[in-house]
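First up is the structure itself, then whatever we jot down about it.
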Amino acid sequence: MLKPNNRIIMHIDVNSAYLSWQAVYELQQGNKRDLREIPSVIGGSIADRRGIVLAKSIPAKAFKINTGEVLWEARQKCPDLVVVPPNYQLYMKCSKALHQLLKEFFPCIQRFSIDEFFLDYTGMSIHYGEPVETANRIKDRVKKELGFTVNIGIGHNKLMAKMAGEFKKPDRVHTLWQYEMKDKMWPLPVEELYMVGRKTMRKLKDLNIHTIGDLATTDVKLLEGKLKSFGHLIWMYANGIEESPVHNGGYIPMKGMGHSSTIKFDVEDRETAYKILLSLTESVALRLREANSCCGLVSVSIRNVELAHYSHQRKLFSPTNITNEIYQTVKELFDESWQGEKIRHLGVRIGELSSDEIHQISFFDGINQEKNRTLDGVIDGLRDKYGKASIIRGIFADGEIVPLLGGVGEDEYPMMGSIL
Amino acid sequence: MKLLRKPIEMVAWFDYEGNTTPVKFRLLNEAEENTVVKIKRIVKREVDKFAGNRMMKYTCETCINGELKLLELRYELDTCRWYLYKM
């Protein structure tokens, strides 16, 4: 057994992925402009009210444009901003090409998201030489062959590799070994640490923790008292302790799944909201059954036109994966939580996943459970064979609402998780 | 060579090994007339994988109006389209 500090893990991250992929594609197609060299962003369509910045170029960063910002705000900051719509098919193609290239070198690769990969370099120095040299070689080959730039971070575990990948961009290789941690990672602001977001940051600032070093040297009991087990986790991360293996093949244990969508118009009545919730439930339940799982928890989230967000959840009496049963609970939850205002965004989430191999029968089961299960099976079969739109509910026949809402429209799109 | 990226109609030769060799192509000129261009020699063939989009690149010699000219042809594998990319 190798000691944890003997592992060598690399993290490969494409620099402003969506944008540089689009830029490279345009150049290949004979366009003269390079999106990476002008202030530009990838943004959703304003007409569909999905007008936020998904990715930005480095010159756009100089105008203080942030990812996730509303497009018109970005335009105010920079009137000459070039906005390009997203093209998920292209991103899948780029991501696959990168995966293919990495597979030529390494046997153990984890696809962490569409533009991030982990690979295990442990014991491979004999064949390929020092990790930094290899990383530089890969980086240059990606640039030469695929045309976009990547950052490679190297460390003893996935967390350190990922943190190293976030240092100076673009087109760089960084290391973050255990002995470099105090100099390179600890002076960074605490929100740079993986898993520390806006909310945790605020809580930590209340405790007078401002840098990763502060967090690492804080008494772990204090953090556990405030943030429970999550406090322990981020304390471990701040100290560079993390031992998860590089999951080859892409299987990542799921804790839950959900779909949500911003709606093109404001929803004012219950009927329309139900329709959208049904559409979201259809997508979620399909994914749930694809994963051979049942869920024990259903949650509904609502964002109104004032952008206030709230959600409501309930544990189910017995786990299920039947669309109609989930939808029933979704409707109840919606009725209990909706305050009657205009809705902009709806989401359905399920959690407490368990295997669907065993069903506990109870007195309180819904009627026709077996029939519903068979029906779902048939529908899934049809959708798998003839495409998702091959069979839809009659209620969506007017075409106003997409029958299966949520997601990016690409089936194999790997979403980034919070589990390393 | 200047960048053109004009769609063209191509006669190409596909051999047993899967090599593709452009033979001759035609394109519409300014007066909407077809011009046929024969390829004399292939100087270089490469695969371009930029942005994961595979394209075969051919640098070729042709003879146009008695003058030897170098041009770049591209074949986009996903769409099966030929382009006169540079001339």
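In table form, for the structure just shown:
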quantity	calculated
In degrees, nearest ten, helix A:131-146 long axis to first principal axis of chain A (Cα)	60
Candidates A:I38, A:I367, A:I152, ranked by Gaussian network fluctuation over chain A, Cα under 10 Å, top entry	A:I367
Relative pair counts by distance (%), Cα atoms of chain B, 10 Å bins	16, 54, 25, 4
Neighbour count of at most 15 Cβ within 10 Å plus DSSP loop: longest GluC sites (Glu not before Pro)-free window in chain A	A:1-242
Positive minus negative residues near A:N136 (Lys, Arg vs Asp, Glu; Cβ under 11 Å)	+1
Binned Cα-Cα distances of the protein assembly as shown, short to long, each 10 Å bin given as a whole percent	3, 15, 21, 25, 20, 11, 5, 1, 0, 0
Spin-label model distance (nm) - A:K255 vs A:L101, 7 Å beyond Cα toward Cβ	3.4
Solvent-free Debye scattering, log10 I(q)/I(0), computed from the Cα coordinates of the range A:273-335 at q = 0.23 Å⁻¹	-0.96
Under Karplus coefficients 6.51, -1.76 and 1.60, residue-wise ³J(HN,Hα) of the range A:177-194 in Hz, glycine/proline x	7, 3, 6, 8, 4, 4, 7, 9, 9, 5, x, 5, x, 4, 6, 6, 5, 4
Mean separation of Cα contacts under 8 Å (6+ apart) over length of chain A, as relative contact order %	15
Equivalent ellipsoid semi-axes, the range A:149-306, via Cα gyration tensor eigenvalues times 5, rooted, Å	37, 21, 17
Between 0 and 90°, nearest 10: helix A:88-105 axis offset from chain A longest Cα axis	50
Positive-pole candidate from A:N87, A:S113, A:S125, dipole of the range A:19-156, charges at beta carbon	A:N87
Projected area, mean over directions - the range A:186-238, Cα convex hull, nm²	2.9
Separation between Cα centres of the range B:1-35 and the range A:268-339, rounded to whole Å	55
³J(HN,Hα) computed for each position of the range A:200-210 - Karplus, 6.51 cos²θ - 1.76 cosθ + 1.60, integer Hz, glycine/proline x	5, 4, 4, 4, 5, 5, 4, 8, 6, 9, 10
Normalised per residue, the volume of the convex hull around the Cα set of the range A:59-131 (Å³)	137
Electrostatic dipole magnitude of chain B [Cβ: Lys, Arg +1; Asp, Glu -1; Cα centre; debye, to 20]	260
Alpha carbon convex hull of the range A:1-132, projected area averaged over orientations, nm²	10.6
In Hz, Karplus ³J(HN,Hα) per residue of the range A:77-86 (6.51, -1.76, 1.60; θ = phi - 60°; x = Gly, Pro)	5, 9, x, 8, 4, 8, 10, 10, x, x
Helix A:229-238 vs. chain A, principal-axis angle (Cα, 0 to 90°, nearest 10)	20
DSSP-loop chymotrypsin sites (Phe, Trp or Tyr not before Pro) across the range A:126-190, with at most 16 other Cβ within 10 angstrom	A:W177
A:L353 long-range amide H proximity, modeled H, under 5 Å	A:G296
DSSP-loop trypsin sites (Lys or Arg not before Pro) across the range A:91-177, with at most 14 other Cβ within 10 angstrom	A:K168
For the protein assembly as shown, size of Cβ-based charge dipole, Lys and Arg +1, Asp and Glu -1, in debye	1340
Amide proton proximity set for B:R5, modelled H, under 5 Å, gap of 5+	B:Y85, B:K86
Among B:E72, B:E32, B:E61: highest mean-square fluctuation, GNM of chain B, C-alpha pairs under 10 Å	B:E32
DSSP-loop chymotrypsin sites (Phe, Trp or Tyr not before Pro) across the range B:1-38, with at most 12 other Cβ within 10 angstrom	B:Y16
Nearest-0.05 FRET efficiency for A:R202 and A:Y310, computed from C-beta distance (R0 25 Å)	0.85
Among A:N368, A:N321, A:N66: highest mean-square fluctuation, GNM of chain A, C-alpha pairs under 10 Å	A:N368
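All of the numbers you see were taken from the coordinates with simple rules; none came from a lab. What you see is a predicted model; the values in this text were computed from it and never measured. All Cβ positions, even for glycine, are placed from backbone atoms using ideal geometry, and neighbour counts span all protein chains on display.
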